[in-house]
Amino acid sequence: MSTSHKNAFTLIEVLITLVIFGVVSVIATYTLISTMRSAKKIQAEAYLYSEAQALMDKVSRDIEVSAVDYEAYYARSVQSENGFGTPDYGLYGQSFFHPGEYGWNEDDGPYSDKVNYLYGPTCPQEPTKPFPDECTTDTQPYEDSVDNEVFTHPFEGVSIIDGDYADADDDHTFMNAFCEYTTESCNSLQFVFQDVLILVNGRGDERIVYARETTNGAGDSYRLSKAVLTGTDDNGDGLINAWECSPLYTCDTYSGDDGPDPADLTDGVSDDDNFMPITPKNINVEEFHVYVAPLEDPYRAAGEVVGQTQPQVTIVMKISLGSDYDYGLLGEMPAITIQRTISTGVYHELETYE
């Protein structure tokens, strides 16, 4: 009688096999997740880069056919206007001292007191006669060497120190479209730095504003938004002097300003009033910086601007994926910072005052 033996796995062999299978499974799973995460990250970065370039292209196209709206920057930075409708539109142009044939209009200009300090309101030797129409050759106004279209601000040799006038060594440091001298030079870098882009078209009757708008009111999620304003001639002098929202935009009038309400940029309300978003919800515009050069309109400040004259705008943006993006296995949130310098496309002065 023969006896047959069947081969079988021992318990130890089964355990070793299970351990090896488990290790291989873990490695395979980790490799698969890493591969999927890498693919997801590449996909997210490609999407982010594509959106960043598309956004920059959109802003660039507007800059390339527009001019820097120095009047609006002046109203906001120097005249302390909070909105974008600039009720005192034209004051920047009036701030330049080029009396020329007709003299300085001291009733309209924002710096008539400084002009009077320089020139005096009348002829020096004939105080009963108005400047410059009845000044004879021998009685030219004060500082007659600059009685022509010198295209400078009325800080020529004058500064304000503690409320009093004093001689200035460099009048260019005392005023520009973004600053009026108080305690520090207007050439400081802080005045170059802006958080809104304000453009105007070549006819001077359409203004475009780009700004960051919070999406939740908490200030940790932003989109880039746009508003368009239309200029009108309210007093019939042939020049634009009033701004209101374009018919394509629904803007609330506030505090006497007919432009878009700046509160719309911070209230976190997701609507299309005032400023309209131009970025998708799944994109977060973490930073939006604007650098304008030069700080004066070169077509007005011919006597002050030297070197590069055609205005250029440098845009710096940092964008990341917003909370609406499908993160999946993405892991760390990617962010992209891009920068571009664009020359404006208007090559003439925009008249804003008589």
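The values are calculated or read from the model by the stated rules, or taken from the named source; none is laboratory data. For clarity, every value in this text was computed on a predicted model and none was experimentally measured. Note that each Cβ is placed from the backbone with ideal geometry, even for glycine, and that neighbours are counted across all protein chains shown.
Overview of results
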read-out: Counted residues, the stretch 199-254 - those being out of contact with any Leu (no Cβ under 7 Å at 6 or more places or on another chain), among the small types (Gly, Ala, Ser) and part of a loop (DSSP other than H, G, I, E, B); value: 7
read-out: Gln79, sole failed condition from (1) at pLDDT 55 or above; (2) farther than 30 Å from Ile198 by Cβ; (3) among the polar types (S, T, N, Q); value: (2)
read-out: Residue in the stretch 35-62 that is modelled with the highest pLDDT, counting only those that are surrounded by 12 or more Cβ atoms within 10 Å (Cβ to Cβ) and polar (S, T, N, Q); value: Ser60
read-out: Among the candidates Thr86, Thr29, residue that is at pLDDT 85 or above and among the polar types (S, T, N, Q); value: Thr86
read-out: Residue count for the stretch 1-17, restricted to those that are assigned to a helix (DSSP H, G or I) and either at pLDDT 80 or above or β-branched (Val, Ile, Thr) (or both); value: 4
read-out: Among (1) surrounded by fewer than 18 Cβ atoms within 10 Å (Cβ to Cβ); (2) more than 23 Å from Val78 (Cα to Cα) - the single one Thr230 does not satisfy; value: (2)
read-out: Residue ID - modelled with the lowest pLDDT, chosen from residues in the stretch 310-344 that are in a loop (DSSP other than H, G, I, E, B) and surrounded by 16 or more Cβ atoms within 10 Å (Cβ to Cβ); value: Leu330
